[in-house]
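Some notes on the structure that comes next.
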Amino acid sequence: MGILAHIDAGKTSLTERLLYVSGRIRSPGDIDEGTTLTDYLEVERERGITVKAAAANLDWARPQGSLPGRRLRINLIDTPGHVDFSSEVGRSLRALDGALVLICAVAGVQSRTEVLYRACLRRGIARLAFVNKMDRRGASFERALGDFLGHLDPKAAAIQIPWGEGEAFRGVIDLVELRAYDFKAEGEELRRPVAQALPPELEARAYAARASLAEALAGAIADDEAAELIDEGSAGSSVLGDFVAGRESGPEALKAALRAAVISGRLTPLLCGSAFSNGSATLLLDAVADYLPSPAEARRPEAVDPATGASLVLGPGDSFSGLVFKTSGDPHFGRLSWLRVRSGRLAEGDRVLDAGAGKLVRISRIFGIQADRLEAVGSAEDGDIVALALGGSGVGATGATFCDPKRPILYESISFEDAVVSLALEPKSREDGAKLREGAAALADEDPSIRLSEDPQTGRIELSGMGELHLEVAASRLARDFGARFRLGKPRVAYRELLSGQATVTESFDRDLGGERGRATVRLSVGPGAGARGLDFSAAANLRAAPSLIEAARRGAEAALSVGPSSGFPLDGAKILLESLALPGGSISSSTKIGERAVEIAASLAAGRALREAGSRVVEPVMSIEVEVAEDFLGAAAAAISGRGGRIESIESGPTAVSLVTGAAPLRCLFGFAGELRSVTEGRAEYAAHFLRFEPVPASAGIL
């Protein structure tokens, strides 16, 4: 399961508490003191934020309830909350069976949480929700629950309510068992709180909340699309019958029906508490055991047979398959591929197929992942998350599908958002240049949302990424982890050019190449692609040319189209069609080195002329911005947004005299905006921005 939330909602603190109450660590770490297990990078401990998804595992024994005495292994992923590190979260979702979504009891549902929750819905990931920070001043469970129902999911229901709020927070009421848990009375030394009778003053509220839970669950069960839940004699049938008859359902029937509803995606249970409470963490792990699916029960991703294109779904008893959702570097083993095993079993020494690369690879070592520590395990099976050492084979990149060579399959590849900010780094010496080059390549391999380019004459590296913080962290790691010294440029907007029209060009090349005559004629067309990402090269269906010649034409065309004709910014979203090519003698079914070189040059000339004839326009990233600001400073915040060329789209009143301002602004206008906003609001505003779309750059911007 993954822990998902907006930044500062308490994900890492809760992860530490879960690991502690399970006995995995001796004491929970503290973010302010830099002692947490999963935030192990120096830059994370300095800044107090998570920048890399971290994996850990724990064992949990459910002493009673629907899984009595059964010991469970839980693979846990702690994810970043800041939008600049969204790629870490997006690829982690591909490894999950269940998600624990955190809501702040003070701030309610925040923007990043909405994005993550929708992503869970799209992927069919079962969900639990936890209203955190019930012990904070201004906490309100009812407000957080209303936010959740209104903004995230109307098919949700509380299975706990708080016993007190803010400084008066004392524990929780379990609505399924109608029992109270007093965390204050237990003392923090007790990891498992003791159930007791309901306090008299909370009985009426508890019974009313349980009735709401029963109603929500009955609605989920009666859903036509969840008809399997109401088979005669099932827990769903029993609970639905009880509801219709006005009877109370027993705890075990409710739990069984809740589990089925969660696994089918029909209902999201909400719990509440504090990430600093042992009792909260213990009851939360009980809920994970009771309601989230095992790998055998969870929704399985579709795969494709690469030979036929047919869709298929592999189960636990099928041959081995798995998806590499992340990579990391290790000084001893090189690249480690983080694999979610999706079917079958894998053991050290096995030979598997990297289906995308079409290469066989031998599995050297298999490790369990415990934050920054590796634990040798020797084998892995359906549901496991492990790190694979592949012996420097050069395969196993993020998004790779590993499978049994006898049954090739491909899982959906992992895509990354466009980079919107770039940063130049110039090495101070030749030795620093080598370290900088090595470190930048390692970071880009670990985080594919980082793009890099190098000026071969100066050694200057340009990193492109998702935001200022993303690149600041990357630069900090290059200096700290790789020992590179460099001069740092200022962040720059990643402008790009898009084609304005289409052109078809024929070019011939006829020159001496190293003492041998090279001749080739190439005809190709260039125009805007369907999407504004990358260069899409293809050959005409009736072109029967040697693959090496087509590859040479691709190299030449893409080299010519690397930058646009308007201002020299990278060209994106271009579709290139190789219509024909010709060589002396008329045959193109085979090739020579001199013929390939001639085709490459001819294609480059043709693409360059087509590019100039088609023309281009410069576009810039526009960001969606959200500002949470105290109402006293709403006017100052709105003025700051407008002063940066931003458009204010809505202003909504939030909890505790806070307003939420949403809008959009060009990225070029937002550098330094966070500092300005803090200044004009006396620190009483929070700001977040994420990429929205590319728009044409106006002439008034002065960059054309």
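Close contacts from the range 681-704, counting a first residue that is closer than 25 Å to Val658 by Cβ and of a type outside the set (Asp, Glu) and a second that is exposed (fewer than 13 other Cβ atoms within 10 Å of the Cβ) and at pLDDT 80 or above, with Cβ to Cβ under 6 Å and a gap of 6+ residues or different chains, come to none at all.
Of the residues Arg678, Arg612, only one is more than 23 Å from His6 (Cβ to Cβ) and over 28 Å from the mean Cα position of the chain (by Cα); which? From the options Arg678, Arg612, the qualifying one is Arg612. Determine whether the range 426-436 contains at least one residue that is assigned to a strand (DSSP E or B), of a type in the set (D, E, K, R) and without any contact (Cβ under 8 Å) to a residue 40 or more places away in the chain. No, because not a single residue in the range 426-436 is assigned to a strand (DSSP E or B), of a type in the set (D, E, K, R) and without any contact (Cβ under 8 Å) to a residue 40 or more places away in the chain.
Every test in (1) touching a strand residue (DSSP E or B) at 6+ places or on another chain (Cβ under 8 Å); (2) at pLDDT 90 or above is passed by Ser548 save one, and that test is (1). Only one of the listed residues (Ala253, Ala275) is small (Gly, Ala, Ser) and buried (at least 20 other Cβ atoms within 10 Å of the Cβ). That residue is Ala275. Against the list (1) surrounded by fewer than 17 Cβ atoms within 10 Å (Cβ to Cβ); (2) touching a residue at least 12 places away in the same chain (Cβ under 8 Å), the condition Pro621 fails is (1). The set of residues in the range 626-657 being part of a strand (DSSP E or B) and without any contact (Cβ under 8 Å) to a residue 40 or more places away in the chain consists of Arg647, Ile648, Glu649, Ser650, Ile651, Glu652, Ser653.
Assess whether Ala376 counts as being more than 19 Å from the chain's Cα centre (by Cα), in the same structural domain as Gly358 (by TED's automatic domain parsing), at pLDDT 90 or above and at negative phi. The answer is yes for Ala376.
Counting only strands (runs of 3 or more DSSP E) that sit wholly inside the range 300-351, those with at least 1 residues that are loosely packed, with under 15 Cβ neighbours inside 10 Å and more than 26 Å from the chain's Cα centre (by Cα) are 345-347. Taken as a whole, the structure leaves Glu600 outside the set of residues that are farther than 30 Å from Val106 by Cβ and either assigned to a strand (DSSP E or B) or assigned by TED's automatic domain parsing to the domain that holds Asp147 (or both).
The values are calculated or read from the model by the stated rules, or taken from the named source; none is laboratory data. All values derive from a computational prediction rather than experimental measurement. Quick reminder, even Gly has a Cβ in these numbers, built from the backbone with ideal geometry, and neighbours come from all protein chains shown.
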